[in-house]
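The values are calculated or read from the model by the stated rules, or taken from the named source; none is laboratory data. Values in this document were obtained by computation on a predicted structure and should not be read as measured data. Because the Cβ atoms are built from the backbone with ideal geometry, glycine has one as well, and the counts that use them run over all protein chains shown. Side chains are part of the model used for accessible areas, which takes the heavy atoms of the whole protein and leaves out ligands, DNA and RNA. Shrake-Rupley method; radii C 1.70, N 1.55, O 1.52, S 1.80 Å.
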Amino acid sequence: HLPTFRRGDQHVILVELEVPPGRAGTTAGLARVHLDYKDLVRRRNGDAEVRVGAVRVADDTDAVASVDRTVKRTVLAFQAGEALQRAAGALEGGDRAAALATLRERRELLEVAAERWRDPRLARDARLLARYERVVDRAWAGFGPDGQRELLLAMGWFGDRRMR
C-alpha cells in the first residue's frame with residue numbers, strides 16, 4: 001500500500017532484482033510493474049503498467065557506468081539504516097564486535113562514496129554511523145541497562161528513518 005500522492009509528491013520504492021544469466025548484449029526481463037490508482041482529479045480509477053529490463057554487459061566498467069547515482073544514493077541510505085538495525089541486533093545479542101564491524105564496514109563505504117560523488121547526504125550518513133561506532137566502541141560497556149536500551153532504541157529509530 002502506498003500513501004496518497006499529491007501533485008509534486010515522490011515516493012521511493014526499493015526493490016532488489018536479480019538479473020538472470022544470459023549472453024552479453026541481450027536484454028533480461030526483470031519485472032512487470034502494475035499500478036492501480038484512484039484519480040481524484042478525474043474521479044475515476046486508473047492503471048499503468050511498465051516492463052522493467054536490463055541489458056547484460058560483458059565488461060564490469062560498463063556495468064559500473066550504468067549506475068544511476070540517485071538510485072545508488074537511495075540504496076546506500078537504506079543500507080545505512082539496515083546497518084544500524086543489524087548493529088543494534090548484534091548488541092542485543094551480546095556481540096559488540098559484530099556491531100562494530102557492521103558499523104565500520106558501512107561507514108567506510110559511505111565515506112568513499114561521499115568523497116567520490118561529492119555527496120553531502122552520504123557524508124552525513126557516514127558521520128552518523130561514525131558517532132554510533134564511537135559510542136559502541138568507547139562507552140557501551142560502561143552503560144547500565146537503561147543506557148544500553150536507550151542507545152538501542154535510538155539506533156532503531158535512526159535506522160528506520162534512513163530506510164524511508
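Points to keep in mind about this one:
- Subset of segment 20-30 [part of a loop (DSSP other than H, G, I, E, B) and either more than 28 Å from Ala77 (Cβ to Cβ) or open to solvent by 70 Å² or more (accessible area, probe 1.4 Å) (or both)]: Pro21, Gly22, Arg23, Ala24, Gly25, Thr26
- For the residues Arg56, Arg73, Arg51, Arg32, the requirement of being within 15 Å of the chain's Cα centre (by Cα) and not acidic (Asp, Glu) singles out Arg73.
- Residue in segment 31-51 that is part of a strand (DSSP E or B), closer than 30 Å to Arg118 by Cβ and either open to solvent by less than 90 Å² (accessible area, probe 1.4 Å) or hydroxyl-bearing (Ser, Thr, Tyr) (or both) present: no
- Segment 81-98 - residue that is without any contact (Cβ under 8 Å) to a residue 40 or more places away in the chain and of a type in the set (A, V, I, L, M, F, W, C) and, of those, surrounded by the most Cβ atoms within 10 Å (Cβ to Cβ): Ala90
- Selection from segment 118-142 of residues that are under 21 Å from Thr70 (Cα atoms), open to solvent by 90 Å² or more (accessible area, probe 1.4 Å) and either among the basic types (Lys, Arg) or touching an Asp or Glu at 6+ places or on another chain (Cβ under 9 Å) (or both): Arg118, Arg121, Arg124, Arg127
- Residue within segment 62-76 that is without any contact (Cβ under 8 Å) to a residue 12 or more places away in the chain, farther than 26 Å from Arg121 by Cα, among the aliphatic types (A, V, I, L, M) and open to solvent by 50 Å² or more (accessible area, probe 1.4 Å) present: no
- Leading residue by the ranking (modelled with the highest pLDDT) among those in segment 143-164 that are open to solvent by 30 Å² or more (accessible area, probe 1.4 Å), in contact with an Asp or Glu (Cβ under 8 Å, 6 or more places away or on another chain) and outside any loop (DSSP other than H, G, I, E, B): Leu152
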